[in-house]
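> Dropping the structure in here first, questions after.
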């Protein structure tokens with residue numbers, strides 16, 4: 001019988017037990033260890049022996065796992081076993097949960113390994129076949145045929161952004177401050193899921209000025225792109241301060257991106273959608289003027305396309 005040792009953080013224990021049962025149904029003997037150990041404890045001989053007795057090793061990569069010294073020790077020992085036996089005899093398989101990256105574990109490998117994506121929301125079944133391929137138990141062509149799911153109707157809410165540039169310097173009682181924010185012409189469009197139904201446009205376009213400046217945008221970028229991947233204890237204070245501001249930032253962004261006086265008719269149509277269709281919110285951005293000048297027209301002559309917004313605040317708007 002194939003024996004797989006699966007390392008994980010105790011915080012991911014529920015999902016790992018589901019994965020253990022699913023792989024067990026396929027004939028694998030999956031060993032997991034869910035004990036809570038503290039930093040400084042040596043890697044016990046029983047765990048070392050369990051890894052050595054296995055024919056393959058997998059590690060569930062998640063933010064808690066990246067923080068766990070225990071998971072790191074198990075991975076190092078597994079790679080030591082692999083080096084002694086050979087990669088073909090003892091595969092080491094990273095399972096990246098919900099888009100997590102290898103982070104600090106990358107340095108444990110001689111070369112970047114192939115990894116298997118795993119989704120916590122109903123994604124276990126989809127991960128089983130790639131896991132078996134990585135273990136050498138199935139060929140990539142050994143797919144069971146299944147009917148393709150029928151595409152559900154999709155309604156779209158589109159924030160169309162054109163004329164991207166910068167606002168005039170912000171004034172105060174002493175005159176202009178020199179602070180210029182990302183600015184664009186915006187309008188909101190609702191595209192119904194049913195073919196032939198009329199789209200609904202906002203009553204008129206408006207000048208969208210990013211409600212957050214470069215400092216807030218950089219904090220948000222750091223929180224979403226770095227801290228979420230590597231949530232180190234040394235950065236908790238900065239993360240806590242940002243988390244306390246998220247609701248206020250979100251409300252300001254919502255007010256700027258969807259002002260009621262211009263978008264009420266579109267939002268009214270949007271909330272009338274039934275549960276029988278899917279929904280998607282998109283930001284459609286025309287290319288900015290290369291010089292960075294604020295353009296005065298309602299649009300540009302560039303062809304439409306999905307491009308990164310000009311400026312971090314609008315970039316943040318496209319991600320939420």
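> What is segment 3-134 by shape, rounded, prolate or oblate, if you read a ≥ b ≥ c off the alpha carbon gyration tensor as root eigenvalues and call it rounded for a/c under 1.5, prolate for a/b larger than b/c, and oblate otherwise?
Since a/c stays below 1.5, the shape of segment 3-134 is classed as rounded.
> Going by C-beta contacts inside 10 Å, put 197, 206 in order with the fewest on the left.
By the 10 Å Cβ count, ascending, the order reads 197, 206.
> If you don't mind, there's one more thing I want to ask. Between segment 118-134 and segment 258-281, what is the separation of their alpha carbon centroids in Å?
If we compute the Cα centre of each part, the gap is 35 Å.
> Give the order of 1, 135 when sorted by the count of other beta carbons within 10 angstrom, beginning with the fewest.
So the ranking, lowest neighbour count to highest, is 1, 135.
> Could you line up 204, 17 from fewest to most neighbouring Cβ atoms inside 10 Å?
So the residues, fewest neighbours to most, are 204, 17.
> For residue 126 and residue 198, what is the calculated FRET efficiency with R₀ set at 56 Å and r taken between the beta-carbons, to the nearest 0.05?
0.90
> Now for a different question. Would you mind computing, in nm to one decimal, how far apart the modelled labels at residue 224 and residue 167 are, each placed 7 Å from Cα along Cα→Cβ?
1.9
None of the figures in this text is laboratory data; all of them are computed from the coordinates on show. What you are looking at is a predicted structure, and each value in this text was computed from that prediction instead of being measured. In this analysis, Cβ positions are derived from the backbone assuming ideal geometry, glycine residues included, and neighbour counts consider all displayed protein chains.
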